[in-house]
1. Quick one: what pairs do we get from segment 45-57, first residue touching a residue at least 24 places away in the same chain (Cβ under 8 Å), second among the aromatic types (Phe, Trp, Tyr), C-beta under 8 Å, 6+ apart or different chains?
2. Output the residues belonging to segment 5-62 that are of a type in the set (Asp, Glu) and open to solvent by 50 Å² or more (accessible area, probe 1.4 Å).
3. Kindly provide the set of residues from segment 1-35 that are within 16 Å of the chain's Cα centre (by Cα) and without any contact (Cβ under 8 Å) to a residue 40 or more places away in the chain, ordered by number.
Amino acid sequence: MEKKNTLEIIGFTLIIIGALFFISKNYYIIEALSSVYESIDIILPLGLFIWAIGYMKKEKEKKTES
């Protein structure tokens, strides 16, 4: 089993949170979260970017080992 680095875990967590809020925003609007819905457009791409950086770092380490 491959070890996941911290950036991958943080990025994946942000992707999940962003996806849940995206679904909530489009299909089931919760009035208490209306102030959070404004920042959703930033959280999902930011999570994807952080995850990609972590994945590239892991692949670079794997390449240098072999």
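The values are calculated or read from the model by the stated rules, or taken from the named source; none is laboratory data. It should be emphasised that the depicted structure is a prediction, and the values quoted were computed from it without experimental measurement. Quick reminder, even Gly has a Cβ in these numbers, built from the backbone with ideal geometry, and neighbours come from all protein chains shown. Side chains are part of the model used for accessible areas, which takes the heavy atoms of the whole protein and leaves out ligands, DNA and RNA. Shrake-Rupley method; radii C 1.70, N 1.55, O 1.52, S 1.80 Å.
1. Cβ pairs passing all conditions: 47/12; 51/12.
2. 31, 38, 41, 59, 61
3. Residues satisfying the conditions are 12, 13, 14, 15, 16, 17, 18, 19, 20, 21, 22, 23.
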